[in-house]
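The values are calculated or read from the model by the stated rules, or taken from the named source; none is laboratory data. Quantities reported herein were computed from a predicted structural model and do not represent experimental measurements. Methodologically, a virtual Cβ is constructed for each residue, glycine included, from the backbone with ideal geometry; neighbour enumeration extends over all protein chains shown.
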Amino acid sequence: LFSAVEMAPRDPILGLNEQFAADTNPSKVNLGVGVYFDDNGKLPLLQCVQAAEKAMMDKPAARGYLPIDGIVAYDNAVKALVFGADSDVVKSGRVSTVQAIGGTGGLKIGADFLKKVSPGATVLISDPSWENHRAIFQNAGFEVGSYRYYDAATRSVNFEGMLADLNAAAPGTIVVLHACCHNPTGYDITAAQWDQVIAAVKAKNLTAFLDMAYQGFGHGIAEDGAVIGKFVAAGLNIFVSTSFSKSFSLYGERVGALSVVASDKDEAARVLSQLKIVIRTNYSNPPTHGGAVVAAVLNNPELRALWEKELGEMRVRIKEMRQKLVDGLRAAGVQQDMSFITTQIGMFSYSGLSKDQMVRLRNEFGVYGTDTGRMCVAALNSKNIDYVCQAIAKVF
Ligand code: LMR
């Protein structure tokens, strides 16, 4: 049965974790996967999460099956976070939100549903994009192409190219967009440029699928989420995948969501019924704990305020590490102007280093980033920054 099964390549991101775990270099630093570590190099367990969990432990609850679409209080909290609790689109019942197994799960549910409603559509992802975008949509049966996004020569977004590619797309094309903190480049488009993207999506009758895995890591929760309101105001039917892996430091709980904006309440109910079939035939219904924690925090004003404070601290620390990286590289002898690192946003820096340089960093220094030159600056800290800067300087 398995004699012809080929060995698949390692995952370009999570495969690095496996390699990192096996590396015996005592100075090793993992800047591969997008995970936030605190200044002591520890994965934080947020206080808001601990408080919610303590309250849950004080009143232990049995674990029955959740509804197929997840915890009602969770789905409502996601709607409020993503669209605004008092927004017309939520109040008029046009949003269908389902709890998902992380942001990846939200993308997968959306992709499977889209394959049913738009079987002949092609999907466009940004060039470059998060490696898993292509794989998820291909595995759902779509042909996946790309729209221009990053211009290596100018270290900025090739917005003209992006817009031209969107305008040239066939009607019905599904366009995967990064709502904020573009992964992997760290370069976002401006609010005015979003308006132009939205106009193109509308004029060309494209379907926008916004991946929002880093809300709160750019400029703030509301600021990063503002783009969703723009799409809604334009009257578009959109998909939004949400992840709380990073913003709640709940990576292993797989807490995410998919929200779909329909044209009216009746349409939204029909969409929800189809999303539930996708979920039921994949994994039946979601797990309890992570969703219950996030719902408890988002629905409690004090815990919510604590979450915003803790998320803000993560955001500020990442920005500080960007500056320290720029300064440290200069001090380590890198001649090239690296100040672009501080204009990037979110967890990642697209360093501009080649695959060869990244492989050398890994093999000679135990400093792990992806082959594309992406480094997770959220894993830098005051103890490893000098070592990382010196390692980079040596491969420059
Ligand atoms: C990343 O890009 O490193 C994260 O989104 C983690 C993942 O699942 O790839």
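Across the range 240-258, what is the number of residues that are out of contact with any strand residue (DSSP E or B) (no Cβ under 9 Å at 6 or more places or on another chain) and within 11 Å of the ligand (Cβ to nearest atom)?
Residues that pass the stated criteria total 2.
Restricting to the range 18-52, name every residue that is within 15 Å of the ligand (Cβ to nearest atom) and either among the polar types (S, T, N, Q) or without any contact (Cβ under 8 Å) to a residue 40 or more places away in the chain (or both).
Residues satisfying the conditions are GLU18, GLN19, ASN30.
Enumerate the strands (runs of 3 or more DSSP E) found wholly within the range 115-180, keeping only those where 3 or more residues are β-branched (Val, Ile, Thr).
122-127, 174-178
I'd like to check which helices (runs of 4 or more DSSP H) are fully inside the range 254-333 and have at least 2 residues that are free of Cβ contacts under 8 Å to residues at least 12 places away in the same chain.
265-282, 301-331
Need pairs with beta-carbon distance below 7 Å; first residue under 23 Å from TYR251 (Cβ atoms) and within the range 213-236, second basic (Lys, Arg) and within 16 Å of the ligand (Cβ to nearest atom); sequence gap 6+ or separate chains.
Filtered contacts from the range 213-236: ALA213/LYS246; TYR214/LYS246; PHE217/LYS246.
Here is a yes/no grid of residues against (1) out of contact with any strand residue (DSSP E or B) (no Cβ under 6 Å at 6 or more places or on another chain); (2) farther than 30 Å from ASP337 by Cβ; (3) polar (S, T, N, Q); (4) in contact (Cβ under 8 Å) with a residue 40 or more places away in the chain:
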| residue | (1), (2), (3), (4) |
| --- | --- |
| LYS115 | yes, yes, no, no |
| ASP127 | no, no, no, no |
| TRP130 | yes, no, no, yes |
| HIS133 | no, yes, no, yes |
| VAL144 | no, yes, no, no |
| ALA153 | yes, no, no, no |
| VAL176 | no, yes, no, yes |
| ALA203 | yes, yes, no, no |
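For the range 367-382, which residues satisfy the criterion of being in a strand (DSSP E or B) and either outside the structural domain of ILE341 (by TED's automatic domain parsing) or of a type in the set (D, E, K, R) (or both)?
ARG374
Scan VAL334, VAL388, VAL395 and give me the residue that is surrounded by 15 or more Cβ atoms within 10 Å (Cβ to Cβ) and within 24 Å of LYS246 (Cα to Cα).
Residue meeting the stated conditions: VAL388.
Which one of these does THR97 not meet: (1) at pLDDT 95 or above; (2) assigned to a helix (DSSP H, G or I); (3) surrounded by 12 or more Cβ atoms within 10 Å (Cβ to Cβ)?
Looking at each condition in turn, THR97 falls short on (2).
Would you confirm, using the coordinates I've provided, whether ILE341 is under 22 Å from the mean Cα position of the chain (by Cα), away from the ligand (no atom under 16 Å from the Cβ) and farther than 13 Å from ASN30 by Cα?
yes
Go through the range 337-371 and give me each residue that's surrounded by 18 or more Cβ atoms within 10 Å (Cβ to Cβ) and basic (Lys, Arg).
ARG362
If the requirement is being within 22 Å of PHE244 (Cα to Cα), of a type in the set (D, E, K, R) and away from the ligand (no atom under 16 Å from the Cβ), which of these qualifies: ASP88, ASP112, ASP165, ASP151?
The conditions single out ASP112.
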